[in-house]
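The values are calculated or read from the model by the stated rules, or taken from the named source; none is laboratory data. All of these numbers come straight from a predicted model, not from anything done at the bench. Here the Cβ is made from the backbone with ideal geometry for all residues, glycine too, and neighbour counts use every protein chain on show. Heavy atoms of the whole protein, side chains included, go into the accessibility calculation; ligands, DNA and RNA do not. Shrake-Rupley method; radii C 1.70, N 1.55, O 1.52, S 1.80 Å.
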Amino acid sequence: QVQVVESGGGLVQPGGSLRLSCAASGSIFSINTMGWYRQAPGNQRELVADITRDDTTRYVDTVKGRFTISRDNAKNTVYLQMNSLKSEDTAVYYCRAEIRTSYSSRWNDYWGQGTQVTVSS
């Protein structure tokens, strides 16, 4: 059994900052890529940023220079520091972790339940 749990969402004014956290726990042998996705009402879920185990990162163009993704492998945790937030960043943010539960198992994607981020004055 694997659990992926996000935290850190909330209401923030434009120009403000939030830090999201996502922790994976349970029967984990290894974690590969971890990432953050978001989905606004009426839109498809999109990749915001992801990070490989050796800290290679990629970002969607709309958040480059404002958001920073990082991870702590010892804690099976990924973070998303969001600065200079805009109203268009409002969405439910989801965490995805690519996990193997044993040496012989395949890689599977595990998703969190999502955390709401609202940017509004």
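Points to keep in mind about this one:
- Filtered residues of the range 1-13 (kept if outside any strand (DSSP E or B) and either hydroxyl-bearing (S, T, Y) or surrounded by 14 or more Cβ atoms within 10 Å (Cβ to Cβ) (or both)): G8, G9
- Given (1) open to solvent by less than 60 Å² (accessible area, probe 1.4 Å); (2) of a type outside the set (D, E); (3) more than 13 Å from the chain's Cα centre (by Cα), number of the condition P41 does not satisfy: (1)
- The range 81-121 - residue that is surrounded by fewer than 18 Cβ atoms within 10 Å (Cβ to Cβ) and of a type in the set (A, V, I, L, M, F, W, C) and, of those, farthest from the chain's Cα centre (by Cα): W107
- Checking each residue in the range 58-74 for being within 25 Å of G26 (Cα to Cα) and open to solvent by 30 Å² or more (accessible area, probe 1.4 Å) picks out S70, R71, D72, N73, A74.
- Checking A49 against (1) open to solvent by 40 Å² or more (accessible area, probe 1.4 Å); (2) closer than 22 Å to V117 by Cα, the condition it does not meet: (1)
- The residue that is nearest to T68 (Cα to Cα), among those in the range 32-52 that are in contact with a strand residue (DSSP E or B) (Cβ under 6 Å, 6 or more places away or on another chain) and not in a strand (DSSP E or B), is T52.
- The C-beta contact set for the range 25-37 (first residue farther than 16 Å from G114 by Cα, second residue surrounded by 21 or more Cβ atoms within 10 Å (Cβ to Cβ) and small (G, A, S), distance under 6 angstrom, 6+ apart or interchain) comprises I31/A97.
- Condition met for N32 (open to solvent by less than 60 Å² (accessible area, probe 1.4 Å) and out of contact with any helix residue (DSSP H, G or I) (no Cβ under 9 Å at 6 or more places or on another chain)): yes
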